[in-house]
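Just so it is clear, none of the values below were taken in a lab; they were calculated from the coordinates. The structure presented is a predicted model; accordingly, all values stated were derived computationally and were not measured. As a convention, Cβ positions derive from the backbone with ideal geometry for all residues, glycine included, and neighbour counts pool all protein chains shown.
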Amino acid sequence: MLRMKFPKRYVIVLLTFICTNVCYIERVGFSIAYTIAADAIGVNQANKGMLLSMFYCGYVLSQIPGGLAAQRIGGRRVLLLSFIFWSLICGIIPLDPNRVTILVLSRLFVGVAQGFIFPAIHTVLAQWVPPQERSRSVSLTASGMYLGAACGMLFFPSLVKHMGPQSVFLVEAVLGVAWSVIWLKFSSDPPRTDLPKVAMPKVASRDKIKAQAGGIVAPRTVKIPWRRIIFSLPVWAIVVNNFAFHYALYVLMNWLPTYFEQGLQHSLQDMDSSKSVPYFNMFIFSNIGGVVADHLIKRRIMSVTNTRKVLNTIGFVVSAFALMALPLFSTPSGTVVCSAISLGFLALGRAGFAVNHMDVAPKFAGIVMGVSNTAGTVAGIVGVGLTGYILEVAKASNNDLTSSETWKIVFLVPAYLCIFSSVILFLFFQRVKSFSNKGGLFLPLRFFSFMVRQDSNTGISHVSVPLVKFQSPNCIPHMYKN
């Protein structure tokens, strides 16, 4: 009997998809369980925001160290160790809102542990997935986050109602340990025979390996060009958009349960499956964005740069208007529709900014991703904490949390951030391929023109002095000649 060979890299992609799924089940599960437990004993909104933001305080500390650890000891080992660590914490820590110190420390350490996961995933995917398959693989892996959030929102309110808040921690711990066992059994470092052959001119062995890896991992002998990264306008465009994306996502993820419970006076435990629709929408739109982007680029309907800008702008602007409309509805169904549109188009926008770190710095994509993801985590700290403070100030001013005016500013802040960040990326992002020489590229941007130059040694794109024309036709990548 003939057996169909199933490439091992597909197994790795599937496991990383499940990995992100379980991580977001944990995040949404805690916000649901803690919100119900804290409201039951009258914890104020500022303290709730402080505790919910502690996860992101730990998360931001381990972003760049996570990338460095994955590069030194391997992403496979880092994923396993971080999963075991946060799973054990969930299994042994009691969910008691009165024991604030224990909860603060536990969320801090869970955040630190999960901060290693996404840099490790990028390292693993860079080793296993060839460039021509990477866009859809990354989109599928990222969409696991939203499917996990949807599953958490769908099942945990009922679980809390029948078995109490502590049951959420136990389920999360079991899921984490189960994934760790599966990962240990089925994952491995990639043998060269499993990598698909890539047609390319004959080059030295070391250069060929780097080319097959898509240039993601820089040689150890190359010094990380921190100055060029910090002063690169395209990099800052990615950072600003990552901040806005995660500000909106984390505010909705952590405060929607409170909005349903106190703003709409409607219990999540009594709602049907519609409460999970916003996150299922993110799962669908995230994959649609990856497929549409690949189609536009492969068929040369749009250049890579224009594809990124169009999807990012459409996603963020539509999401912003949905956020503005959200507090105008006083029914659960209207809130579900607005949040579904907002989160869905926000996920569509990931096909713009979230892939750009490979465009502007192919040799240091992991480092740029770490810097960008750090900004996204800071957005979680600021957004979740600030929202709690805004609501507590509103209560002190004798504004009822059931009033739409109280919640309007909560949703307007991420809406304005989305619009602002989409304008920044539209103006300042440009994709420049690596050049064999230190060529430059002058790209007009509406009223301004900037020279986008990519250093042949570091692969970092940066914008220098304003100019108004192309330096040489030979330095224009083919996608700009279309």
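Place the peptides 173-185, 51-63 in order of packing, highest mean first, counting for every residue the other Cβ atoms within 10 Å and averaging per peptide. Let's see the in-between values first.
Working: 173-185: 16.5, 51-63: 23.1.
Top to bottom by mean Cβ count within 10 Å: 51-63, 173-185.
Can you classify the stretch 378-418 as rounded, prolate or oblate using the Cα gyration tensor, where a ≥ b ≥ c are the square roots of its eigenvalues, rounded means a/c under 1.5, and otherwise it's prolate if a/b beats b/c and oblate if not? The partial results should precede the final answer.
On the way: a/c = 3.38, a/b = 1.55, b/c = 2.18.
Oblate shape, in that a/c is at least 1.5 and b/c is the bigger or equal ratio.
Take every Cα pair under 8 Å in the stretch 1-147 that's 6+ residues apart, average their separations, divide by the length, and report that relative contact order as a whole percent.
Reported relative contact order: 41 percent.
Go through 298/408; 161/395; 48/223 and tell me which ones have a Cα-Cα distance over 32 Å in this structure.
On the way: 298/408 42 Å; 161/395 28 Å; 48/223 43 Å.
Over 32 Å Cα-Cα: 298/408; 48/223.
Based on the alpha-carbon gyration tensor of the stretch 1-90 and its eigenvalue square roots a ≥ b ≥ c, which shape applies: rounded if a/c is under 1.5, prolate if not and a/b is larger than b/c, or oblate? Let's see the in-between values first.
Values: a/c = 3.80, a/b = 1.87, b/c = 2.03.
Because a/c hits 1.5 or more and a/b fails to exceed b/c, the stretch 1-90 counts as oblate.
What spacing in nm lies between the two simple spin-label points modelled at residue 158 and residue 420, each 7 Å away from Cα in the Cβ direction?
Output for this residue pair reads 4.2 nm.
Figure the gain on full extension for residue 44 and residue 88 (residue separation times 0.36 nm, minus the Cα-Cα span) and round it to one decimal in nm.
Working: separation 44, 0.36 × 44 = 15.84 nm, distance 2.88 nm.
The residue 44-residue 88 span can extend by a further 13.0 nm.
Full-extension gain between residue 389 and residue 403, please, as 0.36 nm times their residue separation minus the C-alpha to C-alpha distance. Walk me through the intermediate numbers first.
Working: separation 14, 0.36 × 14 = 5.04 nm, distance 1.65 nm.
Between residue 389 and residue 403, full extension yields 3.4 nm more.
Starting from the Cα gyration tensor of the stretch 71-158, take the square roots of the eigenvalues, sort them a ≥ b ≥ c, and report rounded, prolate or oblate (rounded when a/c is under 1.5, otherwise prolate if a/b is larger than b/c, else oblate). Don't skip to the end; give the middle numbers.
Numbers: a/c = 3.46, a/b = 1.61, b/c = 2.15.
It is oblate, given that a/c is not under 1.5 and a/b is not larger than b/c.
Quick check: residue separation of residue 230 and residue 295 times 0.36 nm, minus the Cα distance between them. What number comes out in nm?
Values: separation 65, 0.36 × 65 = 23.40 nm, distance 3.23 nm.
The span from residue 230 to residue 295 would gain 20.2 nm if fully extended.
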